[in-house]
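Engineer: Once you've had a glance at the structure underneath, I'll fire off some questions.
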């Protein structure tokens, strides 16, 4: 443990130089995914009211058919997404929990539950409650990955949680390696994995990851970022 802490001090400049951009990239990707789900075109308040009416309608269906039950679950899922679009994460979480009762094997619902739980840490001032939300987010991510071990977004999201929120960066290593094992060109995941390799003292592996990003990244900004990190790592950069 002392060795890990020493490595964190030695490479702190490198480790945190790209922290904000990696987290921002993750949030931007999430936002982009959400926008596709949320493009209802209706006024949010009216949209939420209509969804609640749909839930009420099907809940009163005396027949309790499979179709009705499925529709209730769909409405709860849609309601959760609408709340997320408004950044009402507590209400979204309640709707996700209700939707899970109808679709208990949907990895996407557990992924969204993890996102909402992590976001709720920003709404509380009690450290104990914040830790509780982070623990819940971890469990949601783990459940999503139990259902779908190759769920890319959950693998990346849980890695971000371990590295930036839970102070357990080494737990992210197998997740990132699984994400990249199929030859995925997820450069943000490569940056995170390089960060973890440095903490482990595996600087050669980190250098190789940065070199791969330099070679294959489609944009100059990402290439330059990888080059800067690699040069800092080998001691050839004083910027």
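The values are calculated or read from the model by the stated rules, or taken from the named source; none is laboratory data. Fair warning: this is a prediction, and the values are worked out from it, not measured in the lab. In this analysis, Cβ positions are derived from the backbone assuming ideal geometry, glycine residues included, and neighbour counts consider all displayed protein chains.
Engineer: Quick check: is even one residue across segment 179-202 touching a helix residue (DSSP H, G or I) at 6+ places or on another chain (Cβ under 6 Å), crowded, with 22+ Cβ neighbours inside 10 Å and under 28 Å from residue 103 (Cα atoms)?
Structural biologist: For segment 179-202, residues touching a helix residue (DSSP H, G or I) at 6+ places or on another chain (Cβ under 6 Å), crowded, with 22+ Cβ neighbours inside 10 Å and under 28 Å from residue 103 (Cα atoms): present.
Engineer: Considering each residue of segment 182-212, count those that are within 21 Å of the chain's Cα centre (by Cα), without any contact (Cβ under 8 Å) to a residue 40 or more places away in the chain and part of a helix (DSSP H, G or I), and give that number. First the steps, then the outcome.
Structural biologist: The initial filter retains those residues of segment 182-212 that are within 21 Å of the chain's Cα centre (by Cα), namely 182-197.
Subset that is without any contact (Cβ under 8 Å) to a residue 40 or more places away in the chain: 182-187, 189-190, 193-194, 196-197.
Among the residues that remain, those that are also part of a helix (DSSP H, G or I) are: 187, 189-190, 193-194, 196-197.
Matching residues across segment 182-212 total 7.
Engineer: Can you confirm whether segment 112-120 contains a residue that is without any contact (Cβ under 8 Å) to a residue 24 or more places away in the chain and farther than 15 Å from residue 81 by Cα?
Structural biologist: No, every residue in segment 112-120 fails to be without any contact (Cβ under 8 Å) to a residue 24 or more places away in the chain and farther than 15 Å from residue 81 by Cα.
Engineer: Using the structure shown, decide if residue 233 is out of contact with any strand residue (DSSP E or B) (no Cβ under 9 Å at 6 or more places or on another chain), surrounded by 15 or more Cβ atoms within 10 Å (Cβ to Cβ) and under 16 Å from residue 159 (Cβ atoms). Give the derivation first.
Structural biologist: Numbers: out of contact with any strand residue (DSSP E or B) (no Cβ under 9 Å at 6 or more places or on another chain): yes; surrounded by 15 or more Cβ atoms within 10 Å (Cβ to Cβ): yes; under 16 Å from residue 159 (Cβ atoms): no.
Taking the combined requirement at face value, the residue does not satisfy it.
Engineer: Let me ask another. Would you be able to say whether some residue in segment 41-64 is closer than 19 Å to residue 141 by Cα, part of a helix (DSSP H, G or I) and either in contact with a helix residue (DSSP H, G or I) (Cβ under 8 Å, 6 or more places away or on another chain) or at pLDDT below 90 (or both)?
Structural biologist: Initially, segment 41-64 is screened for residues closer than 19 Å to residue 141 by Cα, giving none.
No, because not a single residue in segment 41-64 is closer than 19 Å to residue 141 by Cα, part of a helix (DSSP H, G or I) and either in contact with a helix residue (DSSP H, G or I) (Cβ under 8 Å, 6 or more places away or on another chain) or at pLDDT below 90 (or both).
Engineer: Check off (1) more than 30 Å from residue 200 (Cα to Cα); (2) buried (at least 24 other Cβ atoms within 10 Å of the Cβ) for residue 137 and give me the number that stays unchecked.
Structural biologist: Every condition holds for residue 137 apart from (1).
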